[in-house]
Structures are given as structure tokens and as C-alpha cells.
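The values are calculated or read from the model by the stated rules, or taken from the named source; none is laboratory data. Bear in mind the structure is a predicted one, so any value in this text is a computation, not a measurement. Reconstructed Cβ throughout: ideal geometry from the backbone, glycine too, with neighbour counts over all protein chains shown. Ligands, DNA and RNA are excluded from the accessible area calculation, which covers all protein heavy atoms including side chains. Shrake-Rupley method; radii C 1.70, N 1.55, O 1.52, S 1.80 Å.
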Amino acid sequence: MAQRILDRLKETFGAKILETSSPSGDEVAVVARDDWPAVARFLRDDPVCAMDMFIDLTCADYPDRRERLEVWLRLYSIGHRHRVCLKTRVSAEDPKVPSLYDLWRGIDWFEREAFDLFGVVFAGHPDLRRILLYEGFEGHPLRKDYAAEKTQPLVGYREVPPTKVPPFGTAEGMPWSRR
Amino acid sequence: MEDADIREEELELPAEPMTLNLGPSHPAMHGTIRIVAKLDGEVVVSADVQPGYLHRGFDKMAERGTWSQVFPYTDRLNYVSPILNNVGYALAVEKLLGITVPERNQYIRVVLGEFSRITDHLTNLGAVAMDVGAMTPLLWLLKAREWIWEILEEVTGARLTHSYVRIGGLAFDLTDTFRDRALALLPRIAEELDRSLDLLLENRIFIDRLKGVGVLPAAEAISYGVTGPMLRASGVDHDLRKTAPYLVYDRIDFDVPVGEVGDNWDRFMVRAEEVRQSSRIIRQALDQMPPAGSPIDVLDTRVILPPKEDVYATIEGTINHFKLVMEGIRVPAGEAYGYTEACNGELGFGVVSDGTGTPYRVRARGPCFANLAALGRMVVGMMIPDLIPTFGLVNMIAGECDR
């Protein structure tokens with residue numbers, strides 16, 4: 001439906017648009033981290049795209065890849081009624097992505113959430129603190145190498161004789177796939 | 001002779017900004033949320049809205065079980081209208097699978113979903129009335145909500161957390177008496193709503209508390225990603241049931257109420273009108289629905305559990321059942337974003353599959369999170385007592401906001 005957005009992006013940015021696809025009918029474009037703010041701004045301001053509505057910003061973790069963190073930005077245009085998903089990829093060692101704080105007001109909380117759960121650092125965000133979890137939480141729980149069973153008790157476990165173990169121990173580790 | 005009066009500014013005490021902590025557990029806060037408001041006298045200078053007190057790790061939990069095992073978690077996202085969450089998740093996974101459910105199933109999803117929408121709106125309207133001091137409408141509207149829960153219980157077996165929808169199907173068909181009971185119920189709900197609105201809409205206190213308070217201009221609402229009744233109250237005609245029709249909404253005639261200025265009054269009226277429109281949708285959907293006995297599940301043994309007779313009588317059925325229960329539905333590798341109009345706005349599920357029976361990533365984009373983000377901006381310059389109904393009409397559901 002919104003193929004013309006992908007075409008428009010490709011003719012404007014050329015090789016800077018690394019990949020385009022339409023999985024299940026939703027248009028997706030992938031850009032490098034450095035082009036992230038420019039492409040996002042173009043999507044908002046260009047009259048053909050006119051993505052005035054911010055829908056979602058989140059992340060997915062693919063530990064098999066070198067640039068394992070994939071940031072998703074979903075936009076919608078009230079006027080044209082089309083939507084697009086813009087992605088960029090960063091590595092876990094250098095998880096910095098330029099912030100889009102100035103472009104849409106709603107970005108604020110969603111970038112904080114992606115930082116909170118995935119550890120993506122949005123450079124330029126003025127108030128990047130945890131939002132769903134508490135200050136002092138260690139690690140980023142939606143990364144695949146964060147064990148689902150891992151506990152971070154605010155009050156430590158009591159020392160008990162070895163016969164009385166708590167119902168769950170510390171990190172057991174969890175496979176992230178059934179492959 | 002010199003004037004002996006003291007000049008006025010000397011009389012005034014120096015105003016000291018004060019910090020007020022609302023919540024996370026406070027009788028006026030619906031759900032667990034904390035608002036740290038900086039006050040100048042009684043006026044809010046800035047507000048730091050802090051969600052997260054009900055964070056359960058929905059996304060992480062979804063990555064542990066099978067695709068079907070996510071349904072109980074979706075019930076608890078927006079626990080006031082669980083069917084809509086069930087439907088949203090099912091549609092996203094079905095989009096990835098590339099299957100469309102039979103017509104009767106689609107109509108059932110619409111009917112029960114709209115009943116869920118009514119329960120949500122009734123709860124919100126009643127709670128806001130209570131926020132500004134009117135207790136009676138809350139009790140009347142919750143009574144009507146209870147009636148709906150009764151018939152939902154008849155169909156799904158549970159009052160609140162239904163887990164009724166399945167990928168490619170439904171847990172069971174409607175009961176024989178459902179249609180009659182639903183049709184008999186709709187006028188009673190309308191009566192209860194009208195009676196409550198009669199108490200409120202010409203009440204001077206109620207009008208003064210809501211009109212012109214908490215204005216959210218359309219451009220800002222769009223930029224915040226605000227969706228649902230809150231966006232429509234700001235004057236934007238955007239309803240996914242109309243702009244991107246899913247299920248059978250394109251065959252049903254209904255109106256989308258739109259506000260004018262985007263204040264609390266508009267938000268209240270939009271929700272009240274949506275209850276009436278939902279009744280219209282339910283009536284039409286019940287009329288158009290294919291008769292009982294029509295298929296409700298897709299004919300695909302890779303998705304739907306085989307009938308019990310086959311499971312116990314044939315080896316193929318046993319294996320099929322075992323594989324689906326133990327390994328889960330094998331969803332082809334890929335990703336999809338399914339979006340539906342939940343009662344508070346766009347409920348999107350971004351699902352990624354790596355080809356196994358376990359979701360690789362399930363992202364729930366709850367409307368409340370974006371709606372609530374706008375609250376911190378809306379309350380600036382507002383009196384503290386106005387913060388409460390403004391917050392009430394955002395209708396934050398903590399389960400969905402914090403996931």
C-alpha cells in the first residue's frame with residue numbers, strides 16, 4: 001500500500017537506504033545509524049510522506065548478528081493514511097543511536113523505554129532514565145542473554161541452610177530459541 | 001498625611017514551589033502510577049509522570065512459551081477489555097501466518113470486542129464522574145458492566161480474563177442463548193447510560209469541572225502518538241475501524257464521534273457516544289452473522305487443534321494434538337505488525353518469528369503508554385483538583401501501560 005514511500009525514500013537517499021521490504025504488507029526500510037535522524041526528518045516533513053504521527057519506537061535483539069540491536073520506528077500519516085517502519089541497527093558494544101527527541105513529542109517516553117529494556121543509548125535525549133524499571137536495576141531485561149529467571153531482589157535473599165532453597169535460584173540462563 | 005496602608009506585596013508570603021507526590025498507590029489514581037507535581041500554590045508548574053509500577057515483563061514472558069500461551073498475558077494488558085487484546089494479538093499472528101478466519105468467527109470477535117469496548121467506556125465514564133464527586137453514576141454504570149460480564153462469562157467461562165480467542169479460531173462457539181440475551185441487554189445498557197448522563201450533563205459542577213479543562217490541540221495529540229477516543233476528542237477523525245478496516249467492520253454502518261476542542265468534556269462525550277455506536281455495531285453484527293453451526297476455526301491442522309474424537313481415536317490426531325500442544329504452532333519466520341482499534345486507541349502487536357513454535361519477539365504497543373505521555377504536558381498550568389479528572393479521562397490502564 002505504501003510502496004510509494006519506499007520508492008520516494010530510495011529516489012531521495014539512494015544507497016543510504018540499505019534494505020527495503022514489505023513483510024506481511026507493512027513497508028520496512030533500513031538505514032544506517034548516521035542517516036537515522038535525516039531520514040526520519042524527511043519522512044516527517046516531505047509532503048509525499050507527511051508522517052506526522054508517531055506510533056511506536058522499540059527494539060529487537062538478534063544476538064547472532066554483529067549489529068544485534070535493531071531499533072524500529074513506526075510512523076503514520078493522518079493525511080495520507082499510510083504507515084511505514086524505519087529500522088536501524090547497532091552493536092551491543094556501541095549501542096548509540098541519535099535521538100529523534102525534537103521530531104515527535106511522543107518519542108520521549110519510547111526512547112526511554114528502549115533504553116530501559118534494551119540498553120540502546122539515544123544520544124541527545126535530554127532525560128534518558130529508566131521508565132518501566134527502577135533506578136539501580138542491573139542490565140537490560142529484553143536482551144536475549146538476560147535470563148528470564150534472573151532475579152534482582154531489592155532486599156537480598158536470606159541465608160538459609162542448604163536444605164531450604166528458595167523456589168528459584170539466581171540466573172539459570174534461558175535458550176532464546178527452540179532451534 | 002502619608003497613607004498608612006501597607007503595600008500589598010509586603011503582605012504576601014513568599015510563594016515557595018512545593019512538590020506533591022501523587023501515588024503510586026492513591027485512592028484518586030486509577031491504577032498504580034506516580035505523578036510528581038511541582039506546585040506553585042495550587043497551580044501545577046510541571047509534572048513528572050512515572051509509570052512502571054505494574055511492569056510484569058510481558059515481552060519477555062511471551063518469548064518463553066508457545067504462540068498460543070501468550071493469550072492469557074494479553075488478557076492482562078488491558079484488563080478492562082480483554083477480548084480486544086485477545087483479538088489484536090490473534091490478528092497479528094494470523095497476519096504473519098497469512099490466514100483469515102471464517103466469517104462467523106470474525107463476527108463473533110466483533111460482537112464480543114464491542115461488548116468489551118462498552119465495559120471499558122462505562123468504567124471510565126463512571127470513574128470520571130466519581131473523580132468530580134458524583135458517586136451514583138459510577139454505581140449504575142458498573143451495574144451495567146456487570147451485566148455484560150455475565151453474558152461474556154456465559155460464552156467464555158470467565159468474567160474478566162477470558163482467553164477466549166485462539167490463533168485461527170475461538171475457544172468455543174457462542175452459546176444458544178447468547179443472541180437473545182445480548183439483544184435484550186443492549187436497551188438496558190442504553191437506559192443505564194442515559195440515566196447516568198441525565199444526572200451529569202446538566203449539572204453545573206460537572207460542566208465546570210470538565211469544560212475547557214485539559215485541552216490537547218490536535219497537532220500536539222498527533223505528535224504525541226495519542227490515539228483512540230482521546231485523539232478523536234481533539235478533532236481528528238481517525239479510527240482504525242474506519243481508516244484500516246479489519247475483521248468485518250467495513251460491512252457495518254457506524255459513526256465515529258469527533259470532538260471539537262479536545263478538552264475533558266469532549267473526551268467524556270466521545271466515549272459516551274462510542275458506547276451507543278458499539279451497540280449499533282453489535283446489533284448489525286448479530287444480524288449479519290452466519291448461523292450457528294457455520295465454521296469458526298480455519299481448516300488448517302497446523303494451526304487448530306484436531307477434534308477430540310480424532311485425538312483419542314486416531315494416531316494422526318494424537319500426534320497432531322501432541323505437536324501443537326508441546327511445540328506450539330509453527331509460525332513461518334518473518335515479522336508482522338498487526339494493529340487494531342482497542343478501546344483506548346491503536347493496539348499494535350509487532351511479532352517476529354524465527355520459524356519455531358515460540359515467539360522470537362512480541363512487542364505490545366499499548367495505546368495508554370503514548371496517551372499517558374501527553375498527560376505531563378496537558379496538566380501544566382492546571383489546578384491540582386483538575387489533574388484528577390484529566391488523568392481519569394486519559395483512562396490509563398496500568399496493565400497495558402506498564403506491560
Inset, instruction - Kindly establish whether residue A:124 is touching a residue at least 24 places away in the same chain (Cβ under 8 Å) and touching a Ser or Thr at 6+ places or on another chain (Cβ under 6 Å). - result: yes
Inset, instruction - Return yes or no: is residue A:15 open to solvent by 40 Å² or more (accessible area, probe 1.4 Å), outside any strand (DSSP E or B) and over 19 Å from residue A:107 (Cβ atoms)? - result: yes
Inset, instruction - State whether one or more residues within the range B:101-110 are of a type outside the set (Gly, Ala, Ser), surrounded by fewer than 17 Cβ atoms within 10 Å (Cβ to Cβ), part of a helix (DSSP H, G or I) and more than 14 Å from every other protein chain (Cβ to nearest Cβ). - result: no
Inset, instruction - Could you grab me the full set of residues in the range A:7-57 that are of a type in the set (D, E, K, R), more than 11 Å from residue A:86 (Cα to Cα) and touching a Gly at 6+ places or on another chain (Cβ under 8 Å)? - result: A:52
Inset, instruction - Could you figure out which of (1) out of contact with any Phe, Trp or Tyr (no Cβ under 9 Å at 6 or more places or on another chain); (2) surrounded by fewer than 20 Cβ atoms within 10 Å (Cβ to Cβ); (3) among the charged types (D, E, K, R) isn't true of residue B:34? - result: (1)
Inset, instruction - For residue A:117, indicate whether it is open to solvent by less than 30 Å² (accessible area, probe 1.4 Å), touching a strand residue (DSSP E or B) at 6+ places or on another chain (Cβ under 9 Å), among the hydrophobic types (A, V, I, L, M, F, W, C) and part of a helix (DSSP H, G or I). - result: yes
Inset, instruction - Pairs only if they're at least six apart or on different chains, beta carbon under 8 angstrom, first in the range B:345-356 and under 24 Å from residue B:330 (Cβ atoms), second aromatic (Phe, Trp, Tyr) and open to solvent by 10 Å² or more (accessible area, probe 1.4 Å); list them, first residue then second. - result: B:348/B:339; B:349/B:339; B:352/B:360; B:353/B:360; B:354/B:360
Inset, instruction - Could you tell me whether the range B:201-211 includes any residue that is buried (at least 22 other Cβ atoms within 10 Å of the Cβ) and farther than 21 Å from residue B:122 by Cα? - result: no
Inset, instruction - For residue B:68, state whether it is more than 20 Å from residue B:300 (Cα to Cα) and either buried (at least 24 other Cβ atoms within 10 Å of the Cβ) or touching a helix residue (DSSP H, G or I) at 6+ places or on another chain (Cβ under 9 Å) (or both). - result: no
Inset, instruction - Mind listing whichever residues of the range B:387-396 are open to solvent by less than 10 Å² (accessible area, probe 1.4 Å) and more than 14 Å from chain A (Cβ to nearest Cβ)? - result: B:387, B:389, B:390, B:391, B:392, B:393
Inset, instruction - Might you check whether a residue that is of a type in the set (Val, Ile, Thr) and surrounded by fewer than 18 Cβ atoms within 10 Å (Cβ to Cβ) occurs anywhere in the range A:51-63? - result: no
Legend entry - strands (runs of 3 or more DSSP E) lying entirely in the range A:23-80 (those with 3 or more residues that are facing chain B (nearest Cβ under 9 Å)): A:53-61, A:69-76
Inset, instruction - Would you mind stating whether residue A:150 is farther than 30 Å from residue B:24 by Cα, at pLDDT below 85 and open to solvent by 40 Å² or more (accessible area, probe 1.4 Å)? - result: no
Legend entry - Residue among B:195, B:204 that is more than 20 Å from residue B:243 (Cα to Cα), of a type in the set (Lys, Arg) and modelled with pLDDT of 90 or more: B:195
Legend entry - Hits in the range A:85-102 - residues which are within 12 Å of another protein chain (Cβ to nearest Cβ), in contact (Cβ under 8 Å) with a residue 40 or more places away in the chain and open to solvent by 10 Å² or more (accessible area, probe 1.4 Å): none
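For the range A:120-144, what are the residues that are charged (D, E, K, R), within 21 Å of residue B:368 (Cβ to Cβ) and open to solvent by 40 Å² or more (accessible area, probe 1.4 Å)?
A:127, A:129
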Legend entry - Counted residues, the range A:118-137 - those being at pLDDT 85 or above and of a type in the set (Asp, Glu): 1
Legend entry - Matching residues in the range B:51-63 - criterion: being more than 7 Å from chain A (Cβ to nearest Cβ) and open to solvent by 40 Å² or more (accessible area, probe 1.4 Å): B:53, B:54, B:56, B:61
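When you go through B:237, B:194, B:198, B:253 one by one, which is the residue that is charged (D, E, K, R), part of a loop (DSSP other than H, G, I, E, B) and under 20 Å from residue B:118 (Cβ atoms)?
Being charged (D, E, K, R), part of a loop (DSSP other than H, G, I, E, B) and under 20 Å from residue B:118 (Cβ atoms) holds for just one of B:237, B:194, B:198, B:253, which is B:253.
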Legend entry - Residue check, residue B:96 part of a helix (DSSP H, G or I), crowded, with 24+ Cβ neighbours inside 10 Å and out of contact with any Cys (no Cβ under 9 Å at 6 or more places or on another chain): yes
